[in-house]
1. Compute the FRET efficiency between Q365 and N43 as 1/(1 + (r/R0)^6), taking r as their Cβ-Cβ distance and R0 = 35 Å, and round to the nearest 0.05.
2. For a label point 7 Å from the Cα of V177 along Cα→C-beta, name the residues of region 430-464 whose backbone N is under 14 Å from it.
3. Kirkwood Rh and Cα-based Rg: tell me the resulting Rg over Rh for region 324-416, rounded to two decimals.
4. How large are Rg and Dmax for region 460-572 when only the alpha carbon atoms are used, in Å?
5. Using mean Cβ contacts within 10 Å as the protection proxy, how do 274-284, 345-355 order, highest first?
6. Please compute the modelled spin-label separation between D58 and L319, points set 7 Å along Cα→Cβ, answer in nm with one decimal.
7. How big is the chain on each of its three principal axes, counting only the C-alpha atoms and giving the largest first in Å?
8. Count the net charge of all other residues whose Cβ sits under 11 Å from the Cβ of T326, scoring Lys and Arg as +1 and Asp and Glu as -1.
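Rule-based calculations on the coordinates, nothing more; no lab input. No experiment lies behind these values; they were computed from the predicted model shown. Virtual Cβ from ideal backbone geometry, glycine too; neighbours counted across all protein chains shown.
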Amino acid sequence: MNNKKQRLLVAAFLMSQAPAVIAGYYNSSIEGISLDGIYTPENLSNISKTVCKKVYDDPNMDKEHTQMCERGVQSAQRMAAVYAAGEGTHLGCVDGYQQGLYRGFNMTSNPSVDILREEQRALKGVTIENAVALGKNKAAQDSRYSTESEIISRFRDNVRNDASQTVTTPSKDYSDVLRVPRFEGFDDGYSRDGKGGSFNDVINAGWVSSSAAIGKRIHARAVARQFGLRSSLADKCSSTPILFDKGLHTVSMWDLFSAYGEYNFKDYGWKSTSRAWNKFKASDEQEAIAYRNIQDVREAYQYKIGYHQKRVIVEVDVLDANGQPTGEKEPKKDANGQYVYEEVDDLNRPIFETRYRTVSGKSAQDLKDVYADAFSESYRNLAKEHFGKAFVSTHTMARNLGEDSGKAVGLIVARDLAKQQAYDEVYKAQSATSFAKEYENLFVSSWNKNFEYFVNNPMVEITGFDLSGDGNGIFTRGESLKSVLGLRNLGLKSGKIKVSLDSSSFEAGSARSEYVTAPAALNFTHKSASAQGKLSNNLSVFDSAFLVVSIDGSDIKKVYELKSTDSKRIEILDVAPVYQADTRINSVVAGDATVFVTVKNPSNSETSSSVDISVAMNDGRTYTATTSALKAGESKRVPVRVTGLDPLFIINQGLSGKATSKVAGRVMNSRVTSRDSVDFDTAVADYFNSILTNSTTNFGDDDYKEDRVETLISIILTATERQIDIDWDSNSRVATTMIGALQKEYKASAAAGKLNEEARETYKTLAQELEGLYDDTFGYKDYVNQLKVFNGDLETRSKKDRKKD
């Protein structure tokens, strides 16, 4: 088991988890064992008669089986007398001691009224400086801005409607707004101030955390004072022979106390026979050695391995005049007329040897199984008696010791808890009183200070923020800006304030401030006399610029709730920027397209001249168009015609570009156009057919028709090679291929009478080249049938003939 399992902690604190079973009496924590039970292992000395009865009565069992059963019982008796009794002794000590600890602790750990009063008397008249200081600190934090909002509200209500009215002073009385917040005080002074000694030892030992409840820390510290940090059950319960994990030997005293009378003994019960059996099998005792050396019971038997030999005359067939066998035999003679002899098996004289075999039902494993069954059944009965007798006798002794130890710790805890409760009561009351007094003092001080600010200074807040430029309704790159502010002076004095405008989008060094005279107690508007900043020429149209305006005076910044800054985000525009650019392919074969460029004038005045538009296409060429001057707010969708394109460029690359607008030579902005493209197979087929039917002379980069046809045939072959594995018997699948697209063009042109002889021959040649692409047998005929649309005379060939090509 790992350390966590060894510790067996039940996380609870003091009496919050008290089990009802221990309220006034003791009980066994081991399932199946009662403290009131009577256990007599000595009465089971003849248990073999019961356990082995089934062996005695079984006609298939012999003396060997009986011997194994009786020896299994004897081994179980010895193991139970040592280990079951040892486990009972150990667990009886552990269980009794931990229950006694809890009961004894509960008897003494609650502080009596007399002890608590004694500790309260000791603190009577004592001022706890830390409690007072904490209360003051909290008051300082909570009251920091407590007067600002009310004073600002009063002086706003006092602002004049116009400059002709007399400046008056609002009421300074704060009695109707002073509200000291409810605060009960800090109730953890004992812990905060480290009273009663340090908790570092028990925290460092891992018994409790620094954030644990003060009661639990006091409890842990008392255990450490009584027993030491390293004390464990080994100091209380002697080590006896056990079969379970030895973790209980090393359980600390704090582990016992923090379990509060409830231990989990599921891994330590007496019912398991496997632990005893495994211990027995692995031991060095003579019985275990004998068990491991059990052999098969063997019996002898005779096994025939051959025959003795005898000497006989060799017989051969008698032959007739023709040299054929007559069916009779005669003795064989050698060249000297002597009979020929040979050695043969004498079937009347067999040869045997003695061999050995395992008697059925008496193999070593059979006998060991009888031994193990007898051990298990015996131990199951013997263990409870040995365990129970040792457990009950040890439990009484151990719980008495545990009670004494628990009482001793409880007395320490009771005294510390009384000190803690008394100290925390005073701490709480004094910190609450200190808070209330300090909050009121700070409120009054803050009220008077802030009130004087507004009486003796211009205290200006921003009520509105706008920007002014060159007057055309938009903000452009390089434009100089002025601030337009709505301001309110809440103060009763007029005076100068500084107005500043700044932005990271300004040209370096262009931001400036200016001073404004704020009339006393009056709303007013201020527009900067000169530019306060210039937008950078490096900005792009549709960028945004973030601008911040701020005001400052002698005491404005001292009142945090007074709005002294404002901000605005603006969009950078120009008089005719490109808002959208869409590419549209008109004709692949003609190499013709149009880019529709949308330009708009967002300003409030007409552009100074016409708008020039250029589109740099992805084929490397630039195309232009011009539109008349744009009126204020006017938008136009200007078509830019793109012509003379190579059809193959359109097919392979699609069309896109970048549109740029200019007014009087000045660039407004550029915007990437949308991309337009065509279906590859359909476009190639259309282009190929258009050339063959003389519908186009646009041969792109190829100077001659023949060269472009050759190029297209190569493209068609490559595309078909990629599509060659489809089901060519399915017209719907064929329609999605290059061949399907060509068939559509071919049939339409044939029906319209546009296919001349040259075109037909070219299609036939194409069909022949396409036929040579098919390298498989399956589906070949279906493939050729599709090509016969172009060449009705096309013949199928064997795979062998196709490979020759």
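1. That gives a FRET efficiency of 0.55.
2. Residues 443-455 fall inside that zone.
3. 1.84
4. Using the Cα atoms of region 460-572, the pair Rg, Dmax is 14.5, 46 Å.
5. So the order, starting with the most tightly packed, is 274-284, 345-355.
6. 7.3
7. So the extents along the principal axes, rounded to whole Å, are 144, 134, 40.
8. Around T326, the charge tally is -3.
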